[in-house]
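Asker: One structure, as structure tokens, below. Some questions next.
The values are calculated or read from the model by the stated rules, or taken from the named source; none is laboratory data. These numbers come from a predicted model, not from an experiment. All Cβ positions, even for glycine, are placed from backbone atoms using ideal geometry, and neighbour counts span all protein chains on display. Ligands, DNA and RNA are stripped out before the accessible areas are found, and what is left, the full protein with its side chains, is counted by its heavy atoms. Shrake-Rupley method; radii C 1.70, N 1.55, O 1.52, S 1.80 Å.
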Amino acid sequence: MNLNDFLIPTQDICRRPGPFDRVVLTSRVRLARNLQELPFPGRANKQERQQLLQTVKPVIETMPVMKEGFSEEIAKLTDLDRQILVERHLISRELAKKTQGAAMVLSVDETFCVMINEEDHLRMQAILPGLQIKEAWKAIDKLDTMVETKLPIAFSSQFGYLTACPTNVGTGIRVSAMLHLPGLVIAEHMQQTITAVNKLGLAVRGLYGEGTEALGNVFQISNQMTLGESELEIIERLNKVVLQVIENEENARAKLLETKPEMLFNQIGRAYGILTNSHIISSKEAKNLLSLLRLGLDLGYFPDVDPAVVDELFIVTEPAHIQYEAKNKDGEALKKTPEERDIRRASLLRESLEKMPGPVMDASGSPKD
Amino acid sequence: MLCNICNQNEATVHLTQMLEGEIKKMDMCESCAQKQGVDDPSGISLVDLLVGLGPSSTESQPKTKATPLTGMSNCPKCGYTQADLKKTGRLGCAECYATFDDGLEHMLRSMHKGVRHKGKTPKGFRNTRELEAKTKKLEKELEKAIKDERYEDAAIIRDSIKALAHAISEFETETATS
Ligand SMILES: [Zn+2]
Ligand SMILES: [Zn+2]
């Protein structure tokens, strides 16, 4: 089956509502699991990786939630398809680079995605829109329990679930929430927030970009420790912290409106101006400006505009998506250079935002009626 | 903040390094830092510290000089060595966890909340694998006790082995009938 026939169209993916989705984009719970008998993928030879694949893939494919799902070996996907999957946050960059024995199984609703022969034999994840960490855990726990009855999973009573990297051993769980935090960034409270969250044993990183750089003001908060704490303890703590960060973000936005409305209007207005008028725009600039547009939408400055349009642009302006659009729309199969993509991205943004009226803002701090 | 190594003194030496694209941090007290050879924080590999093996031996030193923390130097199942573990920061197979047991505990302490698993356990998990491993260990002890002519100890060890064998067989009949 063709990957792009399978994937949920971007405009639909962005219209799935979730709790607190003004700030929380998605919640995700990932479990790392390995089979007792075979070496971990990094240590396994080609034959052992194939053997693992042959053992595991049919089991995952026959799970009830994977009914009519998409199951494929990474080696059989084109480079472009792999990049699309990475940009949709369905598979990791690491898996996309692997070929021998690597595979993915994705559920039809894209809630479940299982990676085979990544760093561990199995990386099973549940992804839900908005703040739904507990729901995501329940979903993946259920799948994991079913898988466990079919496969001999490596486990020890001392170290728990055994993983290739000792940083994942124990519960093998990585719980994360993706947050859009323009208020905290503009108010220059992000560094404090990161420090406070770090103190609670959780990691904060930019979703896009390297190191501390966070393009589009999107941050991921996740647990770091996996041993010595139960799944529920980890989830409870992360959930509490995320709720606190949401409150801080809302407070930061309110405070900005109260104290520096012109500065805020200026940034949102300029973002709109550039996005609707540029002819060359990098992925980095586009993300940062789209973030401001989304903030303007959240604050009600773009009445009658569907917020999903902006969320969708975050995805479709990514490099592989630009390439894919060029190929499908104009039959341009040739790989585009970054400069060509920047031109294409700008025209895509102009077209998409063409009918979007400019922001309606005034200094009273509230949108005009 | 307490020292990651002794967990007693206040940490005053802070190391940060990029490892495989991830930022790793290590906080140590003055004395532990010195013991680990951290005079010049830039010249030390964090992997070495995390793996709990001290600074890596320089090339001029013969390789055999590296003293492993555990008696066993490589994994009987996948052949992974201490050096592999140091180099990659990853383990080779499930069995590696039993092999590098002692050194690992030290490393895990610096990364996690605890060193004992808490949380989900596979349904029907009755650690026969662990019982078998324990039996093997006891058999070795028994051999040694006999050699040293510690017959009283030997008798006690023998009883423990019997109890383990009983537990294993009980579990096996249970799974066979269920
Ligand atoms: Zn110390
Ligand atoms: Zn091994």
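Asker: Scan the stretch A:195-274 for chymotrypsin sites (Phe, Trp or Tyr not before Pro) in coil per DSSP, keeping those whose Cβ has at most 13 other Cβ atoms within 10 Å, and list them by number.
Answerer: In loop regions of the stretch A:195-274 (DSSP not H, G, I, E or B), there are no sparsely surrounded chymotrypsin sites (Phe, Trp or Tyr not before Pro).
Asker: In the structure displayed, which of A:Lys67/A:Lys150; A:Lys46/B:Lys123; A:Lys57/A:Lys142 lie more than 21 Å apart, Cα to Cα?
Answerer: As for pairs spanning more than 21 Å Cα to Cα, those are A:Lys46/B:Lys123.
Asker: Here is a further query. Can you work out the Karplus-derived ³J(HN,Hα) for every residue in the stretch A:161-176? Use 6.51 cos²θ - 1.76 cosθ + 1.60 with θ = phi - 60°, whole Hz, and x for glycine or proline.
Answerer: 6, 8, 10, 4, 9, x, 6, 10, 5, x, 7, x, 9, 10, 9, 8
Asker: For n ≥ 4 DSSP H runs only, could you compute -39500 (n - 2.57) per run for chain A, divide by its residues and tell me the 222 nm figure to the nearest 500?
Answerer: Theoretical 222 nm ellipticity from helices: -14500 deg cm²/dmol.
Asker: Given the protein chains as shown and a 1.4 Å probe, how many square angstrom of B:Thr88 are accessible, to the nearest 10?
Answerer: The accessible area of B:Thr88 comes to roughly 40 Å².
Asker: Could you list which residues have their amide H under 5 Å from that of A:Gly130, counting only those 5 or more apart in sequence or on another chain, with H placed in the peptide plane?
Answerer: A:Thr26, A:Ser27
Asker: Restricting everything to alpha-carbon atoms, can you work out Rg to Rh for the stretch A:224-312 with a Kirkwood hydrodynamic radius?
Answerer: 1.13
Asker: How much accessible surface does B:Ile5 have with a 1.4 Å probe, in Å² rounded to 10?
Answerer: 40
Asker: Specify the longest stretch of chain A that does not include any exposed loop site, a site being one of the GluC sites (Glu not before Pro) with a non-H, G, I, E, B DSSP assignment and at most 11 other Cβ atoms within 10 Å.
Answerer: It works out to A:214-353.
Asker: Please provide three numbers in whole Å: the alpha-carbon extents of the stretch A:3-254 along the principal axes, with the largest listed first.
Answerer: Principal-axis extents of the stretch A:3-254 (Cα, largest first): 57, 45, 31 Å.
Asker: Further question on the same structure: Quick check: with the 1.4 Å probe, what order do A:Ser157, A:Ser278 take by accessible area, largest first?
Answerer: A:Ser157, A:Ser278
Asker: Could you pull out the longest piece of chain A with no exposed loop trypsin sites (Lys or Arg not before Pro) in it, calling a site exposed if DSSP puts it outside H, G, I, E, B and it has at most 12 other Cβ atoms within 10 Å?
Answerer: The longest uninterrupted stretch comes out as A:68-334.
Asker: Continuing with the same structure: Taking the Cα atoms only, what angle lies between the long axis of helix A:338-353 and the longest principal axis of chain A, rounded to 10 degrees?
Answerer: 60
Asker: With θ taken as phi - 60° and the coefficients 6.51, -1.76 and 1.60, list the Karplus ³J(HN,Hα) couplings across the stretch A:138-145 in order, rounded to whole Hz; mark glycine and proline as x.
Answerer: For the stretch A:138-145, the Karplus curve yields 4, 5, 6, 4, 5, 4, 4, 4 Hz.
Asker: To test your reading of the geometry: what angle, between 0 and 90 degrees and rounded to tens, separates the Cα axis of helix A:283-298 from the longest principal axis of chain A?
Answerer: It works out to around 70 degrees.
Asker: Per residue, how large is the accessible surface of the stretch A:3-254? Use a 1.4 angstrom probe and give square angstrom.
Answerer: Ligands and nucleic acids excluded, the figure is 38 Å² per residue.
Asker: Using θ = phi - 60° and the Karplus curve 6.51 cos²θ - 1.76 cosθ + 1.60, what whole-Hz ³J(HN,Hα) does each residue of the stretch B:108-121 get, with Gly and Pro shown as x?
Answerer: Each residue's phi maps through the Karplus curve to give 5, 4, 7, 9, 10, 5, x, 10, 10, 5, 10, x, 4, 10 Hz.
Asker: How big, on average over all directions, is the shadow cast by the Cα convex hull of the stretch A:260-353, in nm²?
Answerer: With the hull built on Cα positions only, its mean projection is 5.9 nm².
Asker: OK, next. Considering just Cα atoms, how many Å³ per residue does the convex hull of the stretch A:1-140 enclose?
Answerer: Spread over its residues, the Cα hull of the stretch A:1-140 gives 109 Å³ apiece.
Asker: Another question about this same structure. Which value, in square angstrom to the nearest 100, describes the accessible area buried between chains B and A on both sides, using a 1.4 angstrom probe?
Answerer: Summing both chains' loss of accessible area gives about 3400 Å².
Asker: With N denoting the number of residues in the stretch A:146-274, provide Rg(C-alpha) divided by 2.2 N^0.38 Å, to two decimal places.
Answerer: 1.36
Asker: What angle, in degrees between 0 and 90 and rounded to the nearest 10, separates the Cα long axis of helix A:46-61 from the longest principal axis of the Cα atoms of chain A?
Answerer: The angle comes out near 70 degrees.
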